[in-house]
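Rule-based calculations on the coordinates, nothing more; no lab input. Predicted, not measured: the structure shown is a model, and the values here were computed from it. Here the Cβ is made from the backbone with ideal geometry for all residues, glycine too, and neighbour counts use every protein chain on show.
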Amino acid sequence: MKQFISVNDVENIDQLLEKALEIKADPFGQQAVGKNKTIGLIFFNPSLRTRLSSIKAAYNLGANAWVLNAGADSWTLEMGDGTVMNGDTQEHIKEAIQVMSAYCDVLGVRTFPKLEQKEEDYSEAMFNKVKDLSSVPVVSLESATLHPLQSFADLITIAEKINYNPANPPKEKVKVVMTWAPHPRRLPQAVPNSFAEWFTKVDWVDFTIAQPKGYELDAKFTHGANIVYDQEEALKGADFVYAKNWSSYEDYGAIIPQEKDWQVTIDKMKLTNDGKFMHCLPVRRNVVVADEVLDSSYSIVIEEATNRIYSAQTVFHEILKGLK
Ligand code: CP
């Protein structure tokens, strides 16, 4: 693997999943790959899981890790080309990324969208600027439009729950419903875009998106996925319920008021096939999902967050093994 920015960097999803399950079964068994290697992690936005799971993943592989919270831990960075830097910014991204990539063998990068200009966010202008300046392979720690380490962890979690056996994949499709849920703030589409992009490629999954009208995601990520506008109808018989809020893609960044409450409740979970509740976290309790669900055996959010370690570790392993 040369980089990890989307599912398109994965040659074979089933093989990557098999590798992740193997790594999870023996997390310290691959330390030769990370010996004398350093993973750099640069965050332009906050994180709990991605930051800590990536550090743990590097440690499991016998590699070092450093983290930089850009702007907070460092000089204030200038992003613009040709700027006369006589204002508040102290260091240009051009030097900063070249220097940071000299200090590591793989560079993880998190850059959120501004949710102002669709074209700017969807061209991944900021992420690509960093990628182009880096002299080492780049891993997305979430970009403006995608969060592939999260989606891979979600796949590992679902695979574990169904006792997935690569030699004998499920004969009946597993019903996975990604449902839009309410949130008081405008959120990016990165997690749902990525989830759709991954799960439309898994042939043992029957994938549905439940959402209100006006929240259609970019079709280049949903690949003709089944979209249902009635949440309760969509949840019937689901094996996995993946809740997430996102702002409108069409009316870019907008929140469209809803008459019905899309919060995931225990009564809605009862419509499922004893389905499991998933969320990438952080989650707003009693807004996105009721306490009763999160605190019940329906919820597998902690297992899902734990698998962020093995998703990152597998990706770092696949990149590091190709380096000299
Ligand atoms: N799910 C996720 O990426 O969590 P953080 O934003 O805390 O890293």
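Brief remarks follow.
- Listing E142, E172, E318 from fewest to most neighbouring C-beta atoms within 10 Å gives E172, E318, E142.
- Note on segment 32-87: Cα convex hull, mean projected area over all directions, 5.2 nm².
- Seen from a random direction on average, the alpha-carbon convex hull of segment 41-142 projects onto 6.9 square nanometres.
- D (Stokes-Einstein, µm²/s), Kirkwood Cα radius, the chain, 1.567 mPa s at 4 °C: 64 µm²/s
- The GNM of the chain, with springs linking C-alpha atoms under 10 angstrom apart, assigns the highest mean-square fluctuation among A70, A238, A153 to A70.
- Candidate aspartates and glutamates - alpha carbon under 12 Å from K114, same-chain residues fewer than 8 apart omitted: E124
- Rg and Dmax of segment 150-305, Cα atoms only, in Å: 14.5, 46
- Entries in K2/K161; K173/K201; K24/K324; K213/K260; K56/K324; K2/K220 that, when Cα-Cα distance is taken, lie over 19 Å: K2/K161; K24/K324; K56/K324; K2/K220
- Across segment 150-305, Cα pairs under 8 Å and at least six residues apart give a relative contact order of 26 percent.
- The charge dipole of segment 150-305, taken about its Cα centre with unit charges on the Cβ atoms of Lys, Arg (+1), Asp and Glu (-1) only, comes to about 160 debye.
- Measuring nothing but how far apart in sequence close Cα pairs (under 8 Å, 6+ apart) lie, relative to its length, the chain scores a relative contact order of 20 percent.
- Sorting R185, R51 by the number of Cβ atoms found within 10 Å of their own Cβ, with the fewest placed first, yields R185, R51.
- Using the rule -39500 (n - 2.57) for each DSSP H run of four or more residues, divided by the residues of the chain, the 222 nm mean residue ellipticity is -10000 deg cm²/dmol.
- For segment 179-233, convex hull volume per residue from C-alpha positions, Å³: 85 Å³
- Global dimensions of segment 228-324 from alpha-carbon coordinates: Rg and Dmax equal 16.8, 57 Å.
- Ratio Rg/Rh [Cα only; Rh per Kirkwood] for segment 229-273: 1.03
- Look at R186, R308, R49 and count the other Cβ atoms within 10 Å of each Cβ; fewest to most, that gives R186, R49, R308.
- In this Cβ point-charge picture (+1 for Lys and Arg, -1 for Asp and Glu), the chain has a dipole of about 700 debye about its Cα centre.
- Over all other residues within a Cβ to Cβ distance under 11 Å of A181, the charged ones net out to +2, with Lys and Arg as +1 and Asp and Glu as -1.
- Rounded to the nearest 20, the size of the Cβ-charge dipole of segment 32-103 about its Cα centre is 620 debye, with Lys and Arg at +1 and Asp and Glu at -1.
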